[in-house]
Every structure is written in structure tokens, then in C-alpha cells.
Amino acid sequence: MNSLNSVCGSSHRETFSAAYVDRTGATVETLMRLRLFVLVALCPPGEVRGAARQVVESDVDLVASWQCAFREEALGDRGAARDPRESAQPVLRPGHGLLLWAVDGVPVALAGAGPPVAGMSRVSSVYTPPEHRCRGYGSAVTAAASAWALAAGARDVVLFTDRANPVSNAIYPRIGYRPVYDVLELGFRSG
């Protein structure tokens with residue numbers, strides 16, 4: 001299945017989809033509805049136990065398993081990685097801000113920010129295992145990753161959410177993000 005991330009208006013998506021389906025005989029389905037947020041003013045959450053720390057080599061297996069769990073939760077069967085450990089390795093390169101939130105030395109949440117490119121950094125890989133949720137750890141580590149991006153020179157810090165996830169769509173505005181654009185990911189299957 002081929003996918004298309006569409007950032008054009010709704011009518012353009014519909015026009016393109018209809019023309020593509022008509023021309024190729026493919027079928028189209030909506031894979032994901034995303035929302036782009038931009039950081040306006042960072043407001044880290046109040047009292048949250050723990051602190052952020054940079055991911056190190058000994059964290060690779062944990063990060064790989066959490067990234068797999070995130071992809072499975074967010075993408076279902078489309079989220080399978082080739083080799084989870086291999087996909088976690090690149091974030092250890094200098095210039096990447098992959099952070100763990102740890103409480104009493106135990107990692108409880110993960111978020112990363114890419115190195116700034118043209119003044120922009122994207123926060124991603126935000127994940128809190130189910131047993132650690134509802135304690136502010138995801139918000140805290142996202143704020144820490146956002147602060148890392150700003151300190152690394154980003155003028156703009158952005159992130160995407162699944163529009164169907166009410167938790168992420170509620171917490172990001174509280175730490176200083178505002179929604180700026182909705183995106184639709186379409187999948188086309190040959191007919």
C-alpha cells in the first residue's frame with residue numbers, strides 16, 4: 001500500500017484522491033488523521049516527580065521496546081519495524097535529543113527532538129508505558145525535549161498528534177503548543 005501525507009486543503013485531497021482512484025483503479029482509505037502543533041511559549045508542567053536525562057547506549061534495548069510499543073499502539077499492524085534495536089541506534093548520534101524521564105533512577109517516559117534543520121526541530125517518539133501514565137511524565141519529558149530543541153538552536157519546535165488521541169491533544173496545549181494544521185494520511189491500494 002502506498003501512502004500520501006496530504007497537507008493541502010480538504011477539497012484538494014478529495015480532488016486528488018478521486019482523480020488518482022479514477023486513473024489507477026486503486027482504492028483509497030484514510031490511514032491517520034494528524035494535527036500539527038507548534039510551540040508558542042514553553043510552559044513546563046508543575047510538580048512532576050523525576051527529571052529528564054539523555055538516552056545512553058545502555059538504554060537502547062529499552063528505547064527500542066518502547067518505540068515498538070508506541071508504533072504498535074499508534075499505527076497497529078502498520079507500525080512493525082525491521083529491527084527494533086537497529087531503529088533505536090541512530091538517535092544516539094550526537095545532535096539528537098532523545099530523553100528519558102526517570103523517577104528514582106527508573107525510566108518512566110520517553111520523548112525526542114531532532115536536530116534543528118533550517119531553524120526547526122520536531123518532537124517525536126513521545127511514549128509513556130501504560131503503568132506510568134496519568135502522572136504527568138509524558139508532559140514533563142515532552143517539555144524537556146522541547147527545551148532541548150530550543151537550546152540546540154531551534155526557532156520553531158513542532159510535533160504531530162493523532163487527532164483521535166484526546167490525551168495528547170489536551171496535554172500539548174498545556175505545555176505551550178498550539179494547533180496549526182490538520183493533516184490526513186491516505187493509503188492507496190492497487191486495484
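The values are calculated or read from the model by the stated rules, or taken from the named source; none is laboratory data. Bear in mind that the values here come from a model prediction, so they are computed numbers and not experimental data. Note that we place each Cβ from the backbone using ideal geometry, even for glycine, and neighbour counts take in every protein chain shown.
Points to keep in mind about this one:
- In segment 86-99, residue modelled with the highest pLDDT [restricted to those that are surrounded by 15 or more Cβ atoms within 10 Å (Cβ to Cβ) and not in a loop (DSSP other than H, G, I, E, B)]: LEU99
- Filter result for the condition that a residue is out of contact with any His (no Cβ under 7 Å at 6 or more places or on another chain) and part of a loop (DSSP other than H, G, I, E, B), over ALA164, ALA144, ALA140, ALA102: ALA164
- Residue in segment 15-25 that is modelled with pLDDT of 85 or more, touching an Asp or Glu at 6+ places or on another chain (Cβ under 9 Å) and either in a helix (DSSP H, G or I) or within 25 Å of GLU185 (Cβ to Cβ) (or both) present: no
- Single match in ALA149, ALA102 (criterion: modelled with pLDDT of 95 or more, under 24 Å from GLU57 (Cα atoms) and surrounded by fewer than 23 Cβ atoms within 10 Å (Cβ to Cβ)): ALA102
- Pair list, Cβ < 7 Å and 6+ apart or interchain, from segment 165-191 residues that are over 20 Å from THR128 (Cα atoms) to residues that are among the acidic types (Asp, Glu) and surrounded by fewer than 15 Cβ atoms within 10 Å (Cβ to Cβ): GLY187/GLU29
- Residue among PRO130, PRO115 that alone is farther than 30 Å from PHE16 by Cα and free of Cβ contacts under 8 Å to residues at least 24 places away in the same chain: PRO130
- Options VAL123, VAL108, VAL103, VAL117: the member that is among the β-branched types (Val, Ile, Thr) and within 19 Å of VAL40 (Cβ to Cβ): VAL123
- When segment 45-85 is filtered for residues that are part of a loop (DSSP other than H, G, I, E, B), modelled with pLDDT of 85 or more and either of a type in the set (S, T, N, Q) or out of contact with any Ser or Thr (no Cβ under 8 Å at 6 or more places or on another chain) (or both), the ones remaining, listed by number, are GLY46, GLU47, ARG49, GLY50, VAL55, VAL56.
- Filter result for the condition that a residue is surrounded by fewer than 23 Cβ atoms within 10 Å (Cβ to Cβ), aliphatic (A, V, I, L, M) and under 12 Å from the mean Cα position of the chain (by Cα), over VAL117, VAL158: VAL158
- In segment 167-188, the residues that are aliphatic (A, V, I, L, M), assigned to a strand (DSSP E or B) and either over 27 Å from GLU29 (Cβ atoms) or modelled with pLDDT of 95 or more (or both): VAL180
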